[in-house]
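First the structure, in the form of structure tokens, and then the observations on it.
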Amino acid sequence: MPRVRPKYRLRNMNNRPPFRADHVGSLLRPPGLLAARERFRQGLLATAELARLEDEAIREVVARQENIGLESVTDGEFRRNLWHIDFLKSFANVSVARSAVKVSFHTEAGDIERLPSALKVDGNLARTRPIFIEHYKFLQSVAHATPKITIPSPSVLHFRGGRHSIDATAYPELEDFYADLARVYAEEVSDLAAAGCRYLQIDEVNLAYLCDPRLRAEVRNIGEDPATLPRTYARLINGAIATRPRDMTVCMHLCRGNFESAWLAEGGYEPVADILFNEIDVHGYFLEYDTPRAGDFAPLRFVPKGKRVVLGLATSKRGALESKDDLKRRIDEASRVLPLEQLALSPQCGFASGERGNKLTVEEQWAKLRLIVEVAREVWG
């Protein structure tokens, strides 16, 4: 298949996201909000009251992001239980199941083997209602900085179960499944654009997982081909964002798993780099680079002019603060492969992919974000 070069390029990256200091999206939930969500699950709190408390917490977290100097802000994903499930299960005929891909979550204390939550397609996909549109509208209403919303990549609906997780009666051919999945995503993206969204992030973990030989073997075990999936997912993602307007910036975040400070995968970006950077029609990439498990900067040689890479050099998995000198040294290393003009800085991942969040304090989280803003100003001015 001939390489498809991206149609959408940033003409002036200095005034458009991703910004020199940016962040992935999710933030640690305030204890009061966590308690309210638990009361809601127990039937002790009304829906309207939960929404009011979420609104209040989001107002506060947006103001704090702006106060430390971030040019883009998110709602911290405060209305979600998990980074991906809340969105994907909103499509018709999608249900929660167990993954067919067995993984080991790695922590500094040891490994934990488990089958994580996956999703199952029980019939024809449909978007029966807007999903995150109201979430975005509220964020926009309280933000002075550029509001960004994050959504899971459509590849998540396929990767953890493969062909066996998709109803064969509804979709005897997988191409029809991919076409429907791209369509329902495109409907949501179109409505986000109509609501005013001009900064959208797609959280795509599976391309990073396909850089890990162990997970590639698991993918083969469920009857999928890890060599062809990257190009399949590239086409799927391009179809999902096909309805965005030309002035909407779309970025992609890749990481190797982020669950209560645990991770899943290891391996550099080399196996997917050419397709990732040259066949997926996004403007920028938030890339995990806080530890050697993400490999070196060599794959950045595939990044074309006009795209930006946000280096995730500060870890979100523990509270110890990185030094400015170390961050600047690594930015300098990356700039030997990709020009400094095409680089930016962020944490390696979100701070709370699920409600319980990573194992650091709220103040440690904010210290990392302040550090990122300070270093970006010193490096890029």
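The values are calculated or read from the model by the stated rules, or taken from the named source; none is laboratory data. Keep in mind it's a predicted model, so treat the numbers as computed, not measured. Cβ placement follows ideal geometry from the backbone for every residue including glycine, while neighbour counts extend to all protein chains displayed. Side chains are part of the model used for accessible areas, which takes the heavy atoms of the whole protein and leaves out ligands, DNA and RNA. Shrake-Rupley method; radii C 1.70, N 1.55, O 1.52, S 1.80 Å.
In the Gaussian network model of the chain, springs joining C-alpha atoms below 10 Å, which of Asn81, Asn238, Asn15 carries the largest mean-square fluctuation? Looking only at Asn81, Asn238, Asn15, the biggest GNM fluctuation is shown by Asn15. When the alpha carbon coordinates of segment 206-316 are projected onto the principal axes, the ranges are 38, 35, 28 Å, largest first. With 5 Å bins beginning at zero, the pair-distance distribution over Cα atoms of segment 183-252 amounts to 4, 15, 23, 18, 13, 11, 9, 6, 1 %.
Taking θ as phi - 60° and the Karplus parameters 6.51, -1.76 and 1.60, the scalar couplings of segment 71-87 work out to 8, 10, 9, 10, 8, x, 6, 5, 8, 9, 7, 9, 4, 10, 5, 4, 6 Hz in sequence order, x denoting glycine and proline. Karplus-derived 3J(HN,Hα) values for segment 208-221, using 6.51 cos²θ - 1.76 cosθ + 1.60 with θ = phi - 60°, are 5, 4, 6, 8, 9, x, 5, 6, 4, 5, 5, 5, 4, 5 Hz; glycine and proline are entered as x. Spatially, segment 245-303 and segment 115-169 are offset by 20 Å when compared through their Cα centroids. Which part of segment 179-196 falls in the paramagnetic zone of Thr228, meaning amide N under 16 Å from the point 7 Å along Cα-to-beta-carbon? Once the point is set 7 Å along Cα→Cβ of Thr228, 179 turn out to lie under 16 Å by backbone N, inside segment 179-196. Within the set Lys305/Lys368; Lys89/Lys137; Lys148/Lys368, which residue pairs have Cα atoms separated by over 23 Å? Pairs exceeding the cut-off: Lys305/Lys368.
Is the C-alpha gyration tensor of segment 262-372 telling us rounded, prolate or oblate? Criteria: a/c under 1.5 is rounded; beyond that, a/b larger than b/c is prolate, otherwise oblate. Judged from the Cα gyration tensor, segment 262-372 comes out prolate (a/c at least 1.5, a/b above b/c). One decimal place: the segment Asp247-Leu174 gains 23.1 nm when fully extended, by the rule 0.36 nm per residue minus the C-alpha distance. Computed from label points 7 Å out along Cα-Cβ, the spacing between Lys359 and Glu333 is 2.5 nm.
Residues whose amide H falls under 5 Å from that of Asp203, counting only those 5 or more places apart or on a different chain, are Ile151, Ser153, His253, with hydrogens built in the peptide plane.
I'd like the GluC sites (Glu not before Pro) in segment 227-292 restricted to DSSP loop residues with at most 16 other Cβ atoms within 10 Å, sorted by number.
Values: sites: Glu260, Glu266, Glu279, Glu288; in loops: Glu260, Glu266, Glu279.
Qualifying residues, ordered by number: Glu260.
For Lys328, a cut-off of 12 angstrom between C-alpha atoms picks up these aspartates and glutamates, skipping any fewer than 8 places away in its own chain: Glu374, Glu378. Ignoring aspartates and glutamates fewer than eight residues from Lys317 along the same chain, the ones with Cα atoms less than 13 angstrom from its Cα are Glu108, Glu260, Glu288, Asp290, Glu364.
Scanning residues 5 or more positions from Lys317 or on other chains, none has an amide H under 5 Å from its amide H, with H placed 1.01 Å from N in the peptide plane.
Round to a whole number: what % of the accessible area of the chain belongs to carbon and sulfur, probe 1.4 Å? Mind dumping the intermediate values first?
On the way: 7580 of 14930 Å².
Its accessible area is 51 percent carbon and sulfur atoms.
Between Glu60 and Arg370, the C-beta separation translates, for a Förster distance of 22 Å, into a calculated FRET efficiency of about 0.85. Computed over the Cα atoms of the chain, the ratio of the radius of gyration to the Kirkwood radius (Rg/Rh) comes to 0.93.
Distant-in-sequence amide contacts of Gly350, defined by a placed amide H-H separation under 5 Å and a gap of 5 or more residues or a different chain, comprise Ser26. Note on segment 130-245: Rg/Rh from C-alpha atoms, Kirkwood Rh, equals 1.04.
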